[in-house]
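K.L.:
Provided herewith is a single structure, encoded as structure tokens, for subsequent inquiry.
The values are calculated or read from the model by the stated rules, or taken from the named source; none is laboratory data. Treat the numbers as computed from the prediction; the structure is a model and nothing was measured. For neighbour counting, all protein chains shown are included, and Cβ atoms are generated from backbone atoms with ideal geometry for every residue, glycine included. Quick note on the areas: whole protein, heavy atoms, side chains included, nothing else; ligands and nucleic acids left out. Shrake-Rupley method; radii C 1.70, N 1.55, O 1.52, S 1.80 Å.
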Amino acid sequence: MEDNLILQMPLFRPRYKKWKKYGYTKKDEKENLKEVLEESSGGYCMYCYTRIRVDGKLYANLEHAIEKSNSAKLRECIPNIGIACPQCNQSLKKAGERKRKLPSEIIENYEKESRCSLEKRKQCTVACKALRRLQKACCNNCEGKIILQPMGVKGEDTGQPLALQYDILHMEFQPAKDRYTYSGAEKEFIEAHIRRFRLNDPVYKTRGIYEFIKNVINGNGVIPEYEYNNWIVDKFREQLSGKSREEILKICESIFKIIFRI
Ligand SMILES: [Zn+2]
Ligand SMILES: [Zn+2]
């Protein structure tokens, strides 16, 4: 039972194809990029896990992890571009953008060290050293405590990936402490990320999982077929699959009782 109640949120690993061109400015390259990122996120926003494809339409923007206003080179830098819902892209991630603008000496260094130029673009799909260094500078800013996607961020103290988990019984996102051992500062970083994207904010918080659990109980342990709009439900569904109807019903009923204290 216990292990069903903590969901580990994914680390994204886009599988770029050698024979495809990815980019931000050219239309076809942009489409390719959206496609590979959507595939790696399973069709969810990389920051808030909301479904981005609804009814065959894609409600998402390409999202520059380190803002492209810092350097023209970042504009077409593939490992620096993730996919996000409009809300995360246009407002939640933007907050504090001016305050975390990188100092010019750091930018100059990056531009010198980074081996791709605007004229002769290399198709780099892994963050180069220069980009990693830039990312570090970004994350050290108090307004920059963001788990940048799709490359992810590693903790300064333990070197482990900074990741989230979802605790079903407490209805909240937390640092992935069941999977990794983090330092206090790393936990604080992840918590700042959670606050920024309002993942535990009552207004934005997903209700999907509770609807799903109720539907399973009403259906006597049968898992409903239809799509939910949040990754958490899909993940939970995946964990239940392979179990018997009786087991599934038992798990959902006990969760329901604990959450609603009956
Ligand atoms: Zn989002
Ligand atoms: Zn590059």
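K.L.:
Any residue in segment 237-261 that is closer than 19 Å to Tyr166 by Cβ sitting within a Cβ distance under 7 Å of a residue that is among the polar types (S, T, N, Q)? List the pairs, counting only those 6 or more apart or interchain.
P.N.:
What qualifies is Gln239/Asn4; Ile251/Asn4.
K.L.:
With the structure loaded, tell me whether Thr181 is under 17 Å from Leu11 (Cβ atoms), in the same structural domain as Tyr49 (by TED's automatic domain parsing), of a type outside the set (A, V, I, L, M, F, W, C) and assigned to a loop (DSSP other than H, G, I, E, B) or whether it fails that test.
P.N.:
Criteria not met by Thr181.
K.L.:
Then there is this: Quick one: what pairs do we get from segment 71-95, first residue β-branched (Val, Ile, Thr), second within 16 Å of ligand 2 (Cβ to nearest atom) and open to solvent by 40 Å² or more (accessible area, probe 1.4 Å), C-beta under 6 Å, 6+ apart or different chains?
P.N.:
Partner pairs satisfying both residue conditions: Ile78/Thr125.
K.L.:
When the residues of segment 162-182 are filtered to those that are in contact (Cβ under 8 Å) with a residue 12 or more places away in the chain and open to solvent by 30 Å² or more (accessible area, probe 1.4 Å), which remaining residue is nearest to Gly96 (Cα to Cα)?
P.N.:
My answer is Glu172.
K.L.:
Can I ask one more? Out of the residues in segment 15-37 meeting the condition of being within 20 Å of Glu67 (Cα to Cα) and either in contact (Cβ under 8 Å) with a residue 12 or more places away in the chain or touching a Ser or Thr at 6+ places or on another chain (Cβ under 6 Å) (or both), tell me which one is surrounded by the fewest Cβ atoms within 10 Å (Cβ to Cβ).
P.N.:
Checking each candidate, the answer is Thr25.
Residue-by-condition table, conditions (1) within 16 Å of ligand 1 (Cβ to nearest atom); (2) more than 15 Å from the chain's Cα centre (by Cα); (3) β-branched (Val, Ile, Thr):
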site: Leu11; (1), (2), (3): no, no, no
site: Trp19; (1), (2), (3): no, yes, no
site: Gly23; (1), (2), (3): no, yes, no
site: Glu29; (1), (2), (3): no, yes, no
site: Leu37; (1), (2), (3): yes, no, no
site: Ser40; (1), (2), (3): yes, no, no
site: Thr50; (1), (2), (3): yes, no, yes
site: Lys68; (1), (2), (3): no, yes, no
site: Asn80; (1), (2), (3): no, no, no
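K.L.:
Need the failing condition index for Lys145 against (1) in contact with an Asp or Glu (Cβ under 7 Å, 6 or more places away or on another chain); (2) assigned by TED's automatic domain parsing to the domain that holds Pro79; (3) more than 16 Å from ligand 2 (Cβ to nearest atom), just the number.
P.N.:
Condition not satisfied by Lys145: (1).
K.L.:
Only one of these is touching a strand residue (DSSP E or B) at 6+ places or on another chain (Cβ under 9 Å), open to solvent by 30 Å² or more (accessible area, probe 1.4 Å) and either of a type outside the set (Phe, Trp, Tyr) or farther than 30 Å from Leu162 by Cβ (or both): Asn220, Asn229, Asn215. Name it. Walk me through how you get there before you give the answer.
P.N.:
Numbers: Asn220 fails: touching a strand residue (DSSP E or B) at 6+ places or on another chain (Cβ under 9 Å); Asn215 fails: touching a strand residue (DSSP E or B) at 6+ places or on another chain (Cβ under 9 Å).
The conditions single out Asn229.
K.L.:
Checking the conditions here, which among Ala84, Ala60, Ala72, Ala65 is modelled with pLDDT of 95 or more and within 16 Å of ligand 2 (Cβ to nearest atom)?
P.N.:
Within the list Ala84, Ala60, Ala72, Ala65, the selection yields Ala65.
K.L.:
(1) in contact with a strand residue (DSSP E or B) (Cβ under 9 Å, 6 or more places away or on another chain); (2) among the basic types (Lys, Arg); (3) modelled with pLDDT of 85 or more: which one isn't true of Arg196, the others all being true?
P.N.:
Failing condition for Arg196: (1).
K.L.:
Tell me the residue from Ser40, Ser91 that is modelled with pLDDT of 95 or more and either of a type in the set (Ser, Thr, Tyr) or open to solvent by 50 Å² or more (accessible area, probe 1.4 Å) (or both), please.
P.N.:
Ser40 is the lone residue from the list that is modelled with pLDDT of 95 or more and either of a type in the set (Ser, Thr, Tyr) or open to solvent by 50 Å² or more (accessible area, probe 1.4 Å) (or both).
K.L.:
Can you spot a residue in segment 147-155 that is touching a residue at least 60 places away in the same chain (Cβ under 8 Å), under 28 Å from Asn61 (Cα atoms) and not in a loop (DSSP other than H, G, I, E, B)?
P.N.:
no
K.L.:
Quick one: which of Glu246, Glu191, Glu186 is loosely packed, with under 14 Cβ neighbours inside 10 Å and outside the structural domain of Gln87 (by TED's automatic domain parsing)?
P.N.:
Glu246
K.L.:
Then there is this: What is the number of the single condition among (1) exposed (fewer than 14 other Cβ atoms within 10 Å of the Cβ); (2) among the basic types (Lys, Arg); (3) away from ligand 2 (no atom under 13 Å from the Cβ) that Arg115 does not meet?
P.N.:
Evaluating Arg115 over (1) exposed (fewer than 14 other Cβ atoms within 10 Å of the Cβ); (2) among the basic types (Lys, Arg); (3) away from ligand 2 (no atom under 13 Å from the Cβ) leaves (3) as the failure.
K.L.:
Out of all the residues in segment 127-140, is one or more open to solvent by 10 Å² or more (accessible area, probe 1.4 Å), within 16 Å of ligand 2 (Cβ to nearest atom) and assigned to a loop (DSSP other than H, G, I, E, B)?
P.N.:
Checked against the condition, which is being open to solvent by 10 Å² or more (accessible area, probe 1.4 Å), within 16 Å of ligand 2 (Cβ to nearest atom) and assigned to a loop (DSSP other than H, G, I, E, B), segment 127-140 yields at least one hit.
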